[in-house]
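Inspection log for the structure reproduced underneath, given as structure tokens.
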Amino acid sequence: MTDPNEHAVHVLNSLIETTLDSANGYREAAEHTDNPRFKTMFADRSSKRMELTQKLQAEVRSFGAKPEDEQSLIGKLHNEFVGLKNALTGGSDKSVIDEVERGEDVIKGKYEKAAADPDLPANVHELVDTALTSVRADHDEVSRLKHQLQ
């Protein structure tokens with residue numbers, strides 16, 4: 001069996017990458033919408049996800065480990081794809097919301113998996129559970145927006 005701290009660091013670093021993907025995705029979405037309501041919401045979410053990233057990084061440091069500080073390769077590629085797609089489709093509100101919801105599905109799934117991990121220490125579970133509540137609320141709001149735009 002691996003060291004429980006090692007496992008916690010691995011899970012946290014994975015969440016950091018995904019949360020950075022989300023923060024950068026929201027920043028991209030804010031840049032590609034002309035809707036002032038969405039622009040503000042996406043910029044706020046980007047900031048909120050960066051704050052969450054910092055909390056996760058601090059937790060990794062508490063284990064004496066080095067936290068991730070870059071988004072995943074898949075996230076970078078997705079953000080580039082979203083930029084290309086927006087350039088080609090004109091960046092309609094619906095296409096931007098569709099991509100944001102896709103990202104929200106990914107981050108929600110990652111946090112749900114981490115929250116269900118029985119091998120994480122209690123303090124990590126508490127951090128993940130708190131973050132999951134926020135992630136779920138954001139996911140649900142984006143999902144409602146998507147259905148309103150259909």
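The values are calculated or read from the model by the stated rules, or taken from the named source; none is laboratory data. Source: prediction; values computed, not measured. Cβ atoms come from the backbone with ideal geometry, glycine included; neighbour counts cover every protein chain shown.
Laid out as a table, the results:
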| item | result |
| --- | --- |
| Positions within segment 95-150 being in contact with a Leu (Cβ under 6 Å, 6 or more places away or on another chain) and surrounded by fewer than 20 Cβ atoms within 10 Å (Cβ to Cβ), in sequence order | Ala115 |
| Boolean, Ile16 is within 17 Å of Asp105 (Cα to Cα) and modelled with pLDDT of 95 or more | yes |
| Qualifying residue in segment 73-81 (condition: at pLDDT below 95, surrounded by fewer than 20 Cβ atoms within 10 Å (Cβ to Cβ) and over 19 Å from Ile16 (Cβ atoms)) | yes |
| Selection from segment 6-41 of residues that are of a type outside the set (Asp, Glu), in a helix (DSSP H, G or I), closer than 14 Å to Ser95 by Cα and out of contact with any Ser or Thr (no Cβ under 6 Å at 6 or more places or on another chain) | Gly25, Ala29, Ala30, Phe38 |
| Any hit, segment 8-24, residues being touching a residue at least 40 places away in the same chain (Cβ under 8 Å), within 13 Å of the chain's Cα centre (by Cα) and farther than 24 Å from Ala116 by Cβ | yes |
| Residue count for segment 10-50, restricted to those that are surrounded by fewer than 23 Cβ atoms within 10 Å (Cβ to Cβ) and either out of contact with any helix residue (DSSP H, G or I) (no Cβ under 9 Å at 6 or more places or on another chain) or of a type in the set (Val, Ile, Thr) (or both) | 6 |
| Matching residues, segment 25-40, being free of Cβ contacts under 8 Å to residues at least 24 places away in the same chain and among the hydrophobic types (A, V, I, L, M, F, W, C) | Ala30 |
